[in-house]
Amino acid sequence: MGIFIPVVLGLAFVKAYLKKIGLALALLLPLQASYAGLFIPKDMTMIMAMRTGEMTTTELSYGLKPNLSMAVNHFEFTGHHDRISRYTGVQAAYLLDRHYGSQGIANWYVFGGPVTSTYMNADSKNGAQGGLWFDYETLRIYTRVSAQRFLVHQREQSVYTAQALWAPYAAEFGEVASWVGVQAMRDSMQTGQTALTPMLRFFERSWWLDIGVKANTERRGDLFMNVMFLF
Amino acid sequence: MKKLVIQSCVLMLASSFSLTALAAAESIKMRVEGMVCAFCASSIEKKLKALPATSEIYINLEKRVVAITTKDGKAVSDDELKKIIVDAGYQLQSVERGKFTMADIKNQVKADRYKPGNETHQHDHKDSKHHGKH
């Protein structure tokens with residue numbers, strides 16, 4: 001039952017927005033990557049694509065309610081000895097709490113849904129993924145921590161991410177906002193060490209770009225890129 | 001006959017003036033709590049643009065203000081505005097209606113000493129109707 005409801009919601013979503021999804025997937029295919037932000041205003045569609053060294057994700061999400069968005073996504077991780085795991089799924093993200101402070105807002109989200117997964121080219125198996133996401137943002141500060149776990153047929157994978165960014169100026173609406181910061185990511189499929197990515201962030205009304213260089217003690221110089229479009 | 005034509009013209013002119021006065025354009029300035037990100041606030045702009053009444057839109061993230069001017073003969077209710085703000089994920093704190101031009105509103109907002117999170121702000125309420133917390 002826990003998996004059935006997201007599946008039904010996901011199918012309804014796919015049916016209702018088939019044209020938009022087709023267009024979005026066509027746009028995403030050449031990018032082969034994405035990662036989700038969870039703040040999707042109601043009736044808005046967001047395409048995200050992210051690529052970083054060992055991880056590639058693509059996601060298409062839609063704001064169903066002010067506190068609920070649905071997404072279809074694909075994750076691909078390359079682990080130790082080039083072991084590749086792929087997950088494709090439907091995801092619901094629910095805003096648990098939004099705190100309105102004097103300078104900014106803090107958000108707690110829970111997200112998750114069913115996935116189908118392949119590992120090292122074996123037959124695909126069904127499972128689930130989910131996690132928690134917290135962010136706090138002002139006009140000039142952005143921080144985020146998130147934890148995501150994949151559970152597929154006795155195989156587990158956990159990904160922990162933290163971001164901290166600062167904007168040297170508060171951009172007006174309509175201007176390009178520029179941020180500088182760092183992302184830390186730990187993936188249990190890797191050696192267990194934390195990879196650091198110094199990054200720049202630029203966004204305007206309908207587009208968003210993160211770009212950086214990822215490094216851990218084994219690999220350095222992997223390009224990190226995250227692109228989002230909102231429409 | 002000449003008198004009748006003149007009377008008709010005067011009557012038509014008067015009625016057109018009164019219609020304009022009834023549905024004159026207005027300015028609406030809203031305080032939006034939580035609006036700190038242009039990427040997320042763009043949904044507000046998109047939905048306000050889609051309203052038939054909207055003429056111009058102004059968004060100021062620093063002062064958390066969304067303002068519109070309306071077209072002659074068109075109106076938009078507080079409920080419609082509140083829905084747009086709430087759907088975008090924010091809270092509508094206040095609505096002020098007036099007869100300002102967008103240039104006036106921009107100047108007011110820039111001169112405004114309002115600090116987000118501090119309710120004791122000062123701004124020009126002249127010729128405007130202010131509605132409290134929504």
Note to self: Name the residue that is modelled with the lowest pLDDT, counting only residues in region B:82-127 that are within 14 Å of another protein chain (Cβ to nearest Cβ) and loosely packed, with under 13 Cβ neighbours inside 10 Å.
What the structure shows: B:THR120
Check: Any idea which of A:MET50, A:MET70 is more than 14 Å from chain B (Cβ to nearest Cβ), of a type in the set (A, V, I, L, M), closer than 22 Å to A:LEU223 by Cβ and not in a loop (DSSP other than H, G, I, E, B)?
Finding: A:MET50
Next item on the list: Tell me the strands (runs of 3 or more DSSP E) entirely within region A:128-231 that contain at least 3 residues that are within 14 Å of chain B (Cβ to nearest Cβ) and either on the phi > 0 side of the Ramachandran plot or crowded, with 20+ Cβ neighbours inside 10 Å (or both).
Entry: A:220-230
Check: Which residue pairs have Cβ atoms under 8 Å apart, sit 6 or more places apart or on different chains, and have a first residue in region B:28-47 that is at the interface with chain A (Cβ under 7 Å from one of its Cβ atoms) and under 15 Å from A:MET44 (Cβ atoms) and a second that is in a strand (DSSP E or B) and at pLDDT below 90?
Finding: B:SER43/A:LYS42
Note to self: With the requirement that a residue be within 19 Å of the chain's Cα centre (by Cα) and surrounded by 15 or more Cβ atoms within 10 Å (Cβ to Cβ), what does region A:111-127 give you?
What the structure shows: A:PHE111, A:GLY112, A:GLY113, A:PRO114, A:VAL115, A:SER117, A:GLY127
Notebook entry, point to check: Before we move on, is A:GLU59 among the acidic types (Asp, Glu), within 27 Å of A:SER206 (Cβ to Cβ), away from chain B (no Cβ under 14 Å) and surrounded by 22 or more Cβ atoms within 10 Å (Cβ to Cβ)?
Noted result: yes
Note to self: Among the numbered criteria (1) free of Cβ contacts under 8 Å to residues at least 24 places away in the same chain; (2) of a type in the set (Asp, Glu); (3) surrounded by 15 or more Cβ atoms within 10 Å (Cβ to Cβ), which one does B:ASP79 miss?
What the structure shows: (3)
Notebook entry, point to check: Are any of the residues in region A:73-92 in contact with a Phe, Trp or Tyr (Cβ under 7 Å, 6 or more places away or on another chain), under 23 Å from A:TYR160 (Cβ atoms), within 14 Å of another protein chain (Cβ to nearest Cβ) and modelled with pLDDT of 90 or more?
Noted result: no
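The values are calculated or read from the model by the stated rules, or taken from the named source; none is laboratory data. Fair warning: this is a prediction, and the values are worked out from it, not measured in the lab. FYI the Cβ positions are ideal-geometry reconstructions off the backbone, even for glycines, and counts take in every protein chain you see.
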